[in-house]
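As structure tokens, the structure follows; a few thoughts come after it.
What follows draws every value from the coordinates through simple rules; no lab data is involved. Remember, it's a predicted structure, so these values are computed and weren't measured experimentally. Please note: Cβ atoms are built from the backbone with ideal geometry, for glycine as well, and neighbour counts cover all protein chains shown.
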Amino acid sequence: MEIIISTEKIPIKLWLKDIEAGALNQAMNLANHPYAFHHIALMPDTHVGFGMPIGGVLATEDVIIPNAVGVDIGCGICAVRTSLREIPIETLKGIMGVIRRTVPVGFNHHKSKQNNTIMPDIRHDSKAMPIVNQEYKSAIYQIGTLGGGNHFIEVQRGKDGFIWLMVHSGSRNIGYKVATHYNKLAKSLNEKWKSQVPLKWDLAYLPLNSEQGQIYKEEMRYCVDFAFASRKLMMERIKEAISYYFDNVIYDEMINIAHNYAAQEKHFGKIVIVHRKGATLANKETIGIIPGSQGMKSYIVKGMGNQDSFESCSHGAGR
């Protein structure tokens, strides 16, 4: 059920009854941001983040806010339905053993470079994509690695009777470096401009028509593409592990979605930048994924195109 909270500027619309005081304070800051548009939307799994609550959706006019995307740019989920209906426990253990040997986890990375054709296309212009170019040599060892925290690889049994594969991962160090660089730059510039946004809010912005704003937008988009490609590579490694034990397995088309990014969209009659930080696109064309906490059910969903949520839904995965 949607709840509306009034503020000095624009309202907050939330889909949860109980919200942490810290997350509500952050949402109030968003609502009073000078470039915030129409209203703030908070998903059912909203909780405190850096600057902007995780589970928050913010639309802005004329600016982009690095901290409203977060440090794991492009973090998201992919899922594939297989033609398998059963995997014996001992076989599953064997499959997971192969996966552990081929997909590094935590701070680990591949010992050898991955094929550079897997990497998203890059503009080798250090002025156009300075951080991506700086981190590219490391990223080619990190693509197809899981990371830590609430990231996971799961083999699941669907309600439809089929075995599903699911991966939750992000953009590794390249996304972190892009995020921290541009948030630091935005804070420095906002201080120089004597911005109306208090530095303690951690919501410093970059104007979209500025060189810095355009470069961040491009590097952020690269990190989203990197995270998509990384999940795709891990899914291929999982399929290879399964091929050691099963022949002729058929795989449906992969669902691959992000829940940390910003994109230009049209809402309430205006072209705006929608920041989703721990929130997933849920327009009427979208097939999405809401993963459960460890040991809990996950859901494949179809978007409803709810305008009040800026066509978004919760991202799950640990809340």
| query | Using modelled amide H (1.01 Å from N, peptide plane; none on Pro or chain starts), what sits under 5 Å from the amide H of residue 260, excluding residues fewer than 5 places away? | reply | 74, 75, 278
| message | Just want the ordering: 246, 226, 37, 268, from fewest to most Cβ atoms lying within 10 Å of their own Cβ. | response | 268, 246, 37, 226
| query | Listing 174, 140 from the residue with the fewest other Cβ atoms within 10 Å to the one with the most, what is the order? | reply | 140, 174
| request: For region 3-314, report the translational diffusion coefficient in µm²/s to the nearest whole number, using Stokes-Einstein at 10 °C, 1.306 mPa s, and a Kirkwood Rh over Cα pairs. | output: 78
| request: Using packing as a proxy for protection, rank 282-295, 64-77 so that the peptide with the highest average count of other Cβ atoms within 10 Å comes first. | output: 64-77, 282-295
| note | Per-residue Cβ contact counts at 10 Å, fewest first, order 223, 313 as 313, 223
| request: Round to the nearest 10 and give me the degree value, 0 to 90, for the angle of helix 211-243's Cα axis relative to the longest principal axis of the chain. | output: 20
| message | Please state the shape class of region 31-133: rounded when a/c is under 1.5, otherwise prolate if a/b exceeds b/c and oblate if not, all from the C-alpha gyration tensor. | response | oblate
| said: Among the listed pairs 13/277; 127/232; 111/137; 127/277; 177/217, which have their C-alpha atoms separated by more than 18 angstrom in this model? | reply: 127/232; 127/277
| What is the extension gain from residue 285 to residue 243, computed as 0.36 nm multiplied by their sequence separation minus the C-alpha to C-alpha distance, in nm to one decimal? | 11.9 nm
| query | If the cut-off is 16 Å between C-alpha atoms, which lysines fall inside it for residue 239, apart from same-chain ones fewer than 8 positions away? | reply | 93
